[in-house]
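Everything below concerns the one structure shown next.
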Amino acid sequence: MGTTDSDTLLTMLENIDEVIENIPNKLPMMSVRDVVIFNDMLLPLFVGRKESLKAVETANKDANKLIFLSSQKDPNKETTTTEDIYKTGIVARILKVIKIPDGKIKILVQGLLRAEIVEYIKTSPFYVVNIKTIKDKKVKKIDLKTEALMRAVKEDTHRVLSYKGNVPEELLTILNGISDPGKLADLVASNIRLKINEAQSVLETIDPIKRLERVHVFLKKELQLSSVQAKIQSNVLNRISKSQKDYFLREQVRAINKELGNVDEGDKELEEYEDRIKKAKMTEQAEDEAFSQLKRLSQMYPESQEAGLIRTYLDWLLDMPWNKKSKEMTDIDKAQKALDRSHYGLKKIKDRILEYLSVKKLNPNSKGSIICFVGPPGVGKTSLGKAIAKATNRKFIRISLGGIRDEAEIRGHRRTYIGALPGRILQGLKQAGTKNPVFMMDEIDKLGSDYRGDPSSALLEALDPEQNSEFSDHYLNVAFDLSKVMFILTANLLDTIPPPLLDRMEIIKLSGYTQEEKEIIARKYLVPRQIKEMGLTKKFISLKKDILSHMISSYTSEAGVRELDKTIASVCRKVARKVAGGKKEKTTITKKNIHEYLGPEKYMPEMENKKSEVGISTGLAWTQVGGEALYIETSIIKGKGEIIITGQLGDVMQESAKAAISYAKKILDKLKIKENFFTNKDVHIHVPAGATPKDGPSAGIGIATSIISAILNAPIDKKVAMTGEITLSGRVLPIGGLKEKAIGALRAKIETVIIPQKNEKDLYEVDKKVKDKIKFITVSHMDEVLKVAIKDKRIKDMK
């Protein structure tokens, strides 16, 4: 395989017509990839496949050097079959062959004439095909429509090529000199970017006019694509040039201002930040981070998004109270008076606060404390936090944790997130402006958790006095000292607080108020506040001395005073309406006219004025809103020895009822009752308020007393209430919530309360006023309970 010199190449180009007239039917064939070759097209091709090299070698040995070229349907296929090659191709002439060192060759070919494969004569070691040549139809006369089409194609071709850069003059000359529609279609199709299937469809269109029309359609599409591409490139270049222009102008303005002695706004901002960082008295770690971020800011465009994020971070860092503290009150007497002015009673809590202040006075460097107020709603947990802040001369911050499920609410979001902010703890400290506020976290027992994390776990570090001096928020990402903060948490229940978190707190329980305490709170705090809030004065409203007691007992039923506060507010609103309507006389609220303001009484004591009855005992229950009296009824009826339990009792309470029945059966002999007493009788135990779920073991002795009363047909003293768990042998076990239950008993006008002997120590927690009005009897066995509650000779004689 040799190469041709320039003289031979020129000779070959000159005798094309003679070669076209003598094209043989049998030719070696080579498939080409990524290109479709047209008539008169000169094209260099790289040849590397073995079968293609042999086909070129065979063709090059022939005098006319003819080869049939056809495109592959899939250009990515390395090995082809007859099904992978288009049938219509081009008879081409090899003009030049150049060897390449890697074994491949480069050939220069010229398309001569369309042809179609009739059959494959050989497929190995290279393709040999039998072809049928296809000559273009001659256009005898070019009409007006065809001429317009040719002109449109030439203009559009010029525009497409101009989008791609400088248009070669030779190509424009050739383009303008073509008068044959078929040749024009082939030339344009070979010079614009067409897909293989599109170019092949042009090659296979024999009619010159139709071929030109098809090319025109593809040309319009290419023109639109080229136009959009050029527009995109232009926009990009404009943006780049504008950005560069803005940069140079900004630098020039900076240089001019510097020469004139004017301060650049960007430099001024950086200087202000630097000055603020130096004055902030941050920790060394925080200061290093601040200067690091400031250096990054100085290297950025001021208007960039990243610069805005850094400014926000620096502002948060600088606004934190790194070294700002409130001057705490150290006068214990003044603090005690401040607490007494704001809240009535609560001696244990007030003592704890005064103890804290005393320690602070003796040791100013002592750590902060984490106190948790636990009690029913409305007893003043949140307002007590405000009073403590006022008494200690600290700032007060409150956040509600109820329903929070996202850990980021506590520890903040990382700065990689859009709209990231610090957590609620650091937000509260920024709001306070000091590092030693009273920080109240309400509803700690109502925290949730889900796929976003566990907020209670995030609180562990913040609420641990041993490690919160190095608290790290995800947003600031530097340690902040929380050891000077006085954290106060509130909860209604302890059961839902995770044990690790509970372990870090000092629990202070707030029980409900007695009737007398509520009256004093209402008279001293609630009434004056509501009169003021409703725009009234003592000139327009007066409450008789006994009306508050009536409102508490007949219109509210709660451990705290929230419902009472609303009730007083309702009365004041109605009086305010009368005053606003023109009434000038004072309105006096009495028992006789209270129904005009509050309607009929809402709560009637269940057992008031009721005689002692058979089978009805009074138990004491603990609820979320405080202690309540729980009435238990037992009826012995004819039956088959079944036990019926109603009143929506929980599993534990039902088990207590069964244990009580077993105890009752056990002592039948002591009571001188026949052993077969239950054979033809059913025992029905019912706890009223059936719509309310009830559970717990503390009603055990109340159920047993009710059953024994029904068996003996002996009444139970209505003024006696009881609480305690019972065993099968009759032992009485301790219970919880004695303080709340005692207040509930007082509210129900109970005079005697029977409690387990092991709960005697808990009487220390019960208010003295309650103990003065209620007699507490401690017992260790059920026999002792019966002797107090049931006045019957058989009980008295029982051994």
Report, in deg cm²/dmol and to the nearest 500, the calculated mean residue ellipticity at 222 nm for the chain, where each DSSP H run with n ≥ 4 adds -39500 (n - 2.57) and the sum is divided by the residue count. -13000 deg cm²/dmol
Accessible solvent surface per residue of the chain, calculated while the other protein chains remain in place, 1.4 angstrom probe, Å²: 53 Å²
Zero-based 10 Å bins, Cα pair distances in the range 14-157, whole percents: 11, 39, 30, 14, 5, 0
Pop out the Kirkwood hydrodynamic radius of the range 420-538 from its pairwise C-alpha distances, inverse of mean 1/r, in Å to one decimal. 17.2 Å
With the alpha-carbon atoms as the only input, what is the per residue convex hull volume for the range 190-233 in Å³? 64 Å³
Enclosed volume per residue, in Å³, of the convex hull spanned by Cα atoms of the range 462-520: 136 Å³
I need the Kirkwood Rh of the range 486-623: take the reciprocal of the average 1/r across all distinct C-alpha pairs and report it in angstrom. 18.0 Å
Using only C-alpha positions, report the orientation-averaged shadow area of the convex hull of the range 333-407, nm², one decimal. 6.3 nm²
How large is the dipole of the chain about the Cα centre if only Lys and Arg carry +1 and Asp and Glu carry -1, each at its Cβ, rounded to the nearest 20 debye? 4340 debye
Which helices of the chain meet both criteria: a Cα extent of 24 Å or more along the helical axis and a mean Kyte-Doolittle score no lower than -0.5, with helices taken as whole DSSP H segments? 144-163, 562-580
Surrounding charge for K538, neighbours by C-beta under 12 angstrom, Lys/Arg +1, Asp/Glu -1, total +3
Return the Rg/Rh ratio of the range 105-170 with Cα-based radii and a Kirkwood Rh. 1.17
Would you mind getting the Kirkwood hydrodynamic radius of the chain from its Cα pairs, rounded to one decimal in Å? 37.4 Å
Quick one: net charge of A115's neighbours, Cβ under 11 Å, K/R +1, D/E -1? +3
For the range 720-799, averaging the sequence separation of alpha carbon pairs under 8 Å that lie six or more residues apart and dividing by its residue count, the contact order in percent is 32 percent
Under 17 Å between C-alpha atoms is the cut-off here; go through the range 524-577 and count lysine pairs that meet it, provided they're at least eight residues apart or on different chains. 11
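What net charge do the residues around K221 carry, taking every other residue with its C-beta under 12 Å from that of K221, with Lys and Arg at +1 and Asp and Glu at -1?
+1
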Throw me the Rg/Rh for the range 631-786, computed over C-alpha atoms with Kirkwood Rh, two decimals. 0.97
Calculate the radius of gyration of the Cα atoms of the range 701-799 to one decimal place, then report Dmax, the largest Cα-Cα distance, as a whole number, both in Å. 13.2, 38
Over the Cα atoms, compute the radius of gyration (one decimal) and Dmax (the largest Cα-Cα distance, rounded to a whole number) for the range 756-799, in Å. 13.2, 37
Computed over the Cα atoms of the range 59-126, the Rg and Dmax in Å are 13.2, 37
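In the range 651-779, carbon and sulfur make up what percent of the accessible area (probe 1.4 Å)? Mind dumping the intermediate values first?
Working: 2900 of 5850 Å².
Taking all protein chains in place, the range 651-779 shows 50 percent carbon and sulfur surface.
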With the cut-off at 20 Å, report for the range 669-756 the share of all Cα pairs above it, as a whole percent. 45 percent
P(r) of the range 432-487 in 10 Å steps, Cα pairs, percent per bin? 21, 49, 28, 1
Let's see if you can work this out: charge +1 on each Lys and Arg Cβ, -1 on each Asp and Glu Cβ, no other charges. What is the dipole magnitude of the range 16-71 about its Cα centre, in debye to the nearest 20? 420 debye
Using just the C-alpha positions of the range 295-387 as equal point scatterers, what log10 of I(q)/I(0) does the Debye formula give at each q in 0.18, 0.20 1/Å? -0.89, -1.03
Quotient of Cα radius of gyration and Kirkwood radius for the range 528-608, i.e. Rg/Rh, equals 0.98
Compactness of the range 529-571 as Cα Rg over 2.2 N^0.38 Å, two decimals: 1.19
Among all the lysines, which ones have a C-alpha under 21 Å from K54's C-alpha, if same-chain residues fewer than 8 places away are not counted? K26, K65, K77, K87, K96, K99, K104, K106, K122
Rounded to the nearest 5, the percent of antiparallel DSSP beta bridges in the chain equals 60 percent
Could you rank the peptides 84-90, 538-544 by their average count of other C-beta atoms within 10 Å per residue, with the highest value first? 84-90, 538-544
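The values are calculated or read from the model by the stated rules, or taken from the named source; none is laboratory data. Because the structure is a prediction, the values reported are computed rather than measured. Every residue, glycine among them, receives a Cβ derived from its backbone with ideal geometry; neighbour counts consider all protein chains shown. Calculation scope for accessible area: heavy atoms of the full protein, side chains included, ligands and nucleic acids excluded. Shrake-Rupley method; radii C 1.70, N 1.55, O 1.52, S 1.80 Å.
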